[in-house]
1. Using the charge dipole of the chain (Lys, Arg: +1 at Cβ; Asp, Glu: -1 at Cβ; taken about the Cα centre), state which of Y32, Y269, G167 has its Cα farthest towards the positive end.
2. Once both axes come from the Cα atoms, what is the angle between helix 71-82 and the longest principal axis of the chain, in degrees from 0 to 90, rounded to 10?
3. Rank the residues M213, M204, M361, M346 as a footprinting-exposure proxy: fewest other Cβ atoms within 10 Å of their Cβ go first.
4. I'd like to know which of N339, N102, S457 lies farthest towards the positive end of the charge dipole of the chain, counting +1 on Cβ of Lys and Arg and -1 on Cβ of Asp and Glu.
5. In debye, nearest 20, what is the charge dipole magnitude of region 351-458 about its Cα centre with +1 on Lys and Arg Cβ and -1 on Asp and Glu Cβ, if you could check?
6. Contour minus end-to-end for Q524 and R280, with contour as 0.36 nm per residue of separation and end-to-end as the Cα-Cα distance?
7. How many nm separate the modelled label positions at T316 and S344, each set 7 Å beyond the Cα in the direction of the Cβ?
8. Taking the Cα centre as origin and putting +1 on Lys and Arg beta-carbons and -1 on Asp and Glu beta-carbons, what dipole magnitude results for the chain, to the nearest 20 debye?
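Bear in mind that the values in this text are calculations on the coordinates, not laboratory data. Because the structure is predicted, anything quoted here is derived from the model rather than measured. All Cβ positions, glycine included, derive from the backbone under ideal geometry; neighbour counts span all protein chains shown.
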Amino acid sequence: MTETIKRSLRESPKARWTAMVLVSLSAFGAYYFNYALSPVKPMLESALGWTSSDFGTYTSSYAWFNVYFFMLIFSGIILDKLGIRLTGLSSALLMLIGTGINYWAVVTDFPDAAQVALPLIGEIKTQVLYSSLGFALFGVGTEASGITLTKAIVRWFKGKELALAMGLQMSIARMGTALALAVALPLAINFHYSSPILWAFVLMFIGVIAFVMYIFLDLKLEKSEKEIEVDEEEPFRLRDILSIIKNRGFWYIAILCVLFYSAVFPFLYYATDFMINKYRVAPGVAGIIPSLLPFGTIFLTPLFGGIYDKKGKGATIMIIGALLLILVHGVLAIPFLDNWILASAMVVVLGIAFSLVPSAMWPAVPKIIPEKRLGTAYAVIFWIQNIGLMLVPLLLGIVLDATNPSVATNKALIRSSVEQSYSTLLAQNNITVDADEMKRAVETTTTTVVDSVVKTSFYKEIEHSAAEKEDVKNEILKQVATAGGAFETDEDKSTSINKIQQIITEQTYQVIEKNKLNIRYNYQADILIFAMLGVLSLIFAFLLKREDRKKGYGLELPNIKE
Ligand SMILES: NCCCC[C@H](NC(=O)[C@@H](N)CCCCN)C(=O)O
């Protein structure tokens, strides 16, 4: 037998890097969709009447099935039993189905008051529920795919450029996040708020095709190893979970993971809205600032991964990352520091932290847990991480509504004033529009009014009683009716509607400004939650380093064996 036949395909750099790129493409689409609706939060509020708690419910639903139905644990078991190929393909398809349900829910017209009662959650808008169910299904697919891809990377890169490969895999995925944050709101403003989801389909479909190509490569790898002695994978056993959870080092990594990631991923869900509300960044470009975070990690995660591969110091890298996390959220929480350049700089530093910790944390797991239990180990870590990804966004939404009690109701007031104003002016001028045109006009006008008040007005907000709010609404209706009286209809219907839109926008803006209506979110309490998560992350990073010193896992040693 010649030397080339005996060599495993993983010895070929070209083959293993191709495998890395192929498996990462499905993560690209998933990470795009994960954040596709986040920058659209202000539009979901003005156009669909969602509150921050609704948005919190939606974003937290990503982890519902993973946490409550232990889907991640099942995925780990399925992965260990069925292997990378079948699990990876099924999870990619599941993501696609979840996205489809989400899209349908967002474009479907549910009556304004349609609600359902859910255990633990309480009353929830029907639309929010269906979107959330789609997102929850997508979450099952994404997480199952996450552990599958991780295992695939370990399979190809163990004893080689493992951290670099994992870093690059995360980079490709996070390009998806960067893309979503940067383009979703401009897409939604220029087309429709559901357009970012449509794009997700295309990207995920490409991911499915790439994964099918990976399957062929994986089959070739298997064939190349037929005659070589390789470590046999053991079947999944329940006692694997027991042996994993008895390991203290494993717990430190898992807790660090949930704390650290809860201070970053949920931040990204709210970051565009935060930039708009605190730093008065124009909505069309506000997503560019948070997109700097994943964008920075695209280069830095593989860089730090490469350093870890060659120089080691994994536990120390995690400590530095946690320290940066505290710095960033600490600065963002200071109320009078409201310059967007400072905010952008902090997001870049957060990107550095978000490159340091994952580049060292994920490759550290195989040093603590034997390879045959890795599928299960990553599944348990992801499950614990998902508890954070479920609770923290929900908590943030609830806290945001609780600390800004009048913002959502004031936005609803604007929406209903705009709607009534349209009815009046259209009737006054004998213009008829269908339900869809009306809905679209109300959504656009409400969004324009809210966005321009948040961006351009500098008044000190006043809290109004319910009766005072009713007066504000009546004032808007009166002003619009007066201004609309002098308006001359045009032959062209759409020109007339544009004129009506202009009148309603101007008059509503003036009344809101005059009455100092509060429609700007103060994110102070939410950002302090992130800072606290940073402090706890630091404590667990230190505990991990101490455990490594005691047990000699080698977290501070390089990955590449000379
Ligand atoms: N080799 C491990 C890669 C993990 C990458 C990690 N992803 C996760 O932690 C997922 N469980 C959560 C994905 C949620 C996407 N918003 C990462 O750093 O992305």
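1. Final value for the positive-end residue is G167.
2. So the helix axis and the longest Cα principal axis differ by about 40 degrees.
3. Fewest-to-most Cβ neighbours within 10 Å comes out as M213, M346, M361, M204.
4. N339
5. Roughly 560 debye for region 351-458.
6. 86.3 nm
7. So the two model labels end up 3.3 nm from each other.
8. 2360
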